[in-house]
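Chemist: Mind looking over this structure? Questions follow.
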Amino acid sequence: MVLAERIQQVAASPTLGLDAKAKALKASGVDIISFGVGEPDFDTPAHVKAAGIKAIENNFTRYTAVEGIPELRNAIVEKFARDNQLTYTADQIVVNCGGKHTIYNLAQVLFQAGDEVIIPAPYWVSYPPMVVLTGATPVIIPTLESSGFKVTAAELSRAITSKTKAIILNSPSNPTGAVYTHSELEALAEVLLKNDIWIISDDIYEKIIFDGMKFFNIANIHEELKPRTIIAHGVAKTYAMTGWRIGYMAAPKEIAAAVAKLQSQSTSNPCSISQKAAVAALSGPQDSVDVMVSAFDQRRRYLVENLNRIEGVHCLTPGGAFYVFPNVSAYYGRTLNDRKINSSTDLSDYLLEEAKIAVVPGSAFGDDSCVRLSYAISMEDNQRGLQRMAEALGRLR
Ligand code: PLP
């Protein structure tokens, strides 16, 4: 059997693959500590679960409007007005089956062969394959640790060609936790104002932000950019709702309509029950978010401080999300017995086998110098895991 060429051009998600491997080892009795997971270790808030249960009890279990129920689309309109001072109408909002699906749908309706899509690296693992699946070409801009893993206006300007269709921005970032400040976005906006390209802003980690930093979307910077900015968002990370699969977008009407059309021929509506739960999440009390963010903040400080104490490791302090992205390249070229570490993949395999900890190789995010650790695990596991990592690295000569 010959599979379509398009699916042969991409690999399966390395983060989900690692997570499955770590879970399988755990299930077989190995004491694995997984820094691999990209999901909060908190439970979905009680009032959100109650809304889902009520939806089932009320038999809200049938097909809904393809683009999402009006109640949820209105709650999303209100969210953008309240949190982001951005005005949308309900026909600019489409609800999708998870934030990943939101971006996949956007790629499908916007890109085609011949297009270039700019993706600053380190990037979320799924952006390049989603672009490749459309026949378009991802154009990766590597960013430097010294610039806080953020793309500069000059780098952006150099990457834009007559074929550029869009740029994908992600702040706070997975995997680096980098958060663009108002002035950094202003500098990018200057370039984008001169170049008529789409801006996909993946704001899924908007609420997971530390040190009193303020979140901005590029559409907040220049009113003129708003008609070219599409916001991809979701409830998974903010409300510990990864399994409910609700993402959403705010887009110009014609793009929203195209995504709804694609969805009508593919998934149909997102889960009816999850949509009711998402209304409760977005419109109900927000205190669970603060509780989660302050726990993440504690773990973040612990990890950054203690990673930087390990000889040869350096780690920037992330401003948001729940990941750290330490540079471990000082260990490349080192050996234990006959085993030589040459890359982030070698190091991740070594740490899984020798230290029984799962970390994701930086190469999956377009930066082989680093590995990603998610601290969405208990403080105790963070401490035990880091101890193991330090010991295992210490054995390499
Ligand atoms: N965008 C980024 C940067 C992410 O890290 C993720 C999940 O890991 C998503 C989007 C999609 O999240 P979900 O599909 O669970 O809503």
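The values are calculated or read from the model by the stated rules, or taken from the named source; none is laboratory data. The structure displayed is predicted, hence computed values, not measured ones. Quick reminder, even Gly has a Cβ in these numbers, built from the backbone with ideal geometry, and neighbours come from all protein chains shown.
Chemist: Can you pull out every residue in region 91-121 that is touching a Gly at 6+ places or on another chain (Cβ under 6 Å) and within 11 Å of the ligand (Cβ to nearest atom)?
Modeler: Listed by number, the residues that qualify are 96, 98, 99, 101, 102.
Chemist: Taking residue 35 as the residue in question, decide whether it is touching a Ser or Thr at 6+ places or on another chain (Cβ under 9 Å) and closer than 20 Å to residue 244 by Cα. Before you say what the answer is, go through the steps one by one.
Modeler: On the way: touching a Ser or Thr at 6+ places or on another chain (Cβ under 9 Å): yes; closer than 20 Å to residue 244 by Cα: no.
Here the answer is no, as residue 35 does not meet what is asked.
Chemist: If a residue counts only when it is under 21 Å from the mean Cα position of the chain (by Cα) and β-branched (Val, Ile, Thr), which helices (runs of 4 or more DSSP H) contained entirely in region 286-397 have at least 3 such residues?
Modeler: Those helices (runs of 4 or more DSSP H) span 287-307.
Chemist: Shifting gears a bit: Output the number of the condition that residue 39 fails; it satisfies all remaining conditions of (1) within 16 Å of the ligand (Cβ to nearest atom); (2) in the same structural domain as residue 138 (by TED's automatic domain parsing); (3) charged (D, E, K, R).
Modeler: The single condition residue 39 does not satisfy is (2).
Chemist: Another question, if that's okay. Inspect region 274-281 for any residue being in contact (Cβ under 8 Å) with a residue 40 or more places away in the chain, in a helix (DSSP H, G or I) and in contact with a strand residue (DSSP E or B) (Cβ under 8 Å, 6 or more places away or on another chain) and give the result as yes or no.
Modeler: yes
Chemist: To continue, here is another question. What number of residues within region 224-242 are of a type outside the set (A, V, I, L, M) and either near the ligand (Cβ under 9 Å from one of its atoms) or not assigned by TED's automatic domain parsing to the domain that holds residue 173 (or both)?
Modeler: The number of residues fulfilling the criteria is 4.
Chemist: For a quick check of your reading: which strands (runs of 3 or more DSSP E) sit entirely within region 145-261 and have at least 1 residues that are in contact with a strand residue (DSSP E or B) (Cβ under 7 Å, 6 or more places away or on another chain) and surrounded by fewer than 20 Cβ atoms within 10 Å (Cβ to Cβ)?
Modeler: Of the strands (runs of 3 or more DSSP E) lying wholly inside region 145-261, those with at least 1 residues that are in contact with a strand residue (DSSP E or B) (Cβ under 7 Å, 6 or more places away or on another chain) and surrounded by fewer than 20 Cβ atoms within 10 Å (Cβ to Cβ) span 164-170.
Chemist: Could I ask something else about it? So which residues in region 175-217 are among the aromatic types (Phe, Trp, Tyr), farther than 17 Å from residue 317 by Cα and within 14 Å of the ligand (Cβ to nearest atom), if there are any at all?
Modeler: none
Chemist: Moving to a separate point now. Report, by residue number, each residue of region 303-342 that is on the phi > 0 side of the Ramachandran plot and modelled with pLDDT of 95 or more.
Modeler: Passing the criteria: 312, 321, 333.
Chemist: Which one is farthest from the ligand (Cβ to nearest atom) among residues in region 58-90 that are touching a Phe, Trp or Tyr at 6+ places or on another chain (Cβ under 8 Å) and of a type in the set (Ser, Thr, Tyr)?
Modeler: Ranking the candidates gives 87 first.
Chemist: Name the residue that is farthest from the ligand (Cβ to nearest atom), counting only residues in region 122-151 that are more than 24 Å from residue 17 (Cα to Cα) and of a type in the set (Ser, Thr, Tyr).
Modeler: In this case the residue turns out to be 146.
Chemist: Is it true that residue 42 is at pLDDT 95 or above, within 19 Å of the chain's Cα centre (by Cα) and farther than 30 Å from residue 131 by Cα?
Modeler: Against the criterion (at pLDDT 95 or above, within 19 Å of the chain's Cα centre (by Cα) and farther than 30 Å from residue 131 by Cα), residue 42 qualifies.
Chemist: Looking at region 151-161, is at least one residue within 19 Å of the chain's Cα centre (by Cα) and either in contact (Cβ under 8 Å) with a residue 24 or more places away in the chain or assigned by TED's automatic domain parsing to the domain that holds residue 233 (or both)?
Modeler: yes
Chemist: Find all pairs meeting these conditions: Cβ atoms under 8 angstrom apart; at least six residues apart or on different chains; first residue within region 74-96 and assigned to a helix (DSSP H, G or I); second residue surrounded by fewer than 20 Cβ atoms within 10 Å (Cβ to Cβ) and modelled with pLDDT under 95.
Modeler: 84/220
Chemist: While we're looking at this one, here's another question. Do we have residue 113 as within 19 Å of residue 7 (Cβ to Cβ), in a loop (DSSP other than H, G, I, E, B) and not charged (D, E, K, R) here?
Modeler: Criteria met by residue 113.
Chemist: Another question, then. Looking at residue 264, is it within 28 Å of residue 51 (Cα to Cα) and more than 22 Å from the chain's Cα centre (by Cα)?
Modeler: yes
Chemist: I'd like the residue in region 122-138 that is surrounded by 19 or more Cβ atoms within 10 Å (Cβ to Cβ) and hydrophobic (A, V, I, L, M, F, W, C) and, out of all such residues, is farthest from residue 368 (Cα to Cα).
Modeler: 136
Chemist: So which of 356, 276 ends up being basic (Lys, Arg) and either closer than 30 Å to residue 95 by Cα or within 16 Å of the ligand (Cβ to nearest atom) (or both)?
Modeler: 276
Chemist: To continue, here is another question. For residue 321, which of the numbered conditions (1) within 25 Å of residue 388 (Cα to Cα); (2) away from the ligand (no atom under 16 Å from the Cβ) fails to hold?
Modeler: In the conditions (1) within 25 Å of residue 388 (Cα to Cα); (2) away from the ligand (no atom under 16 Å from the Cβ), residue 321 misses (2) alone.
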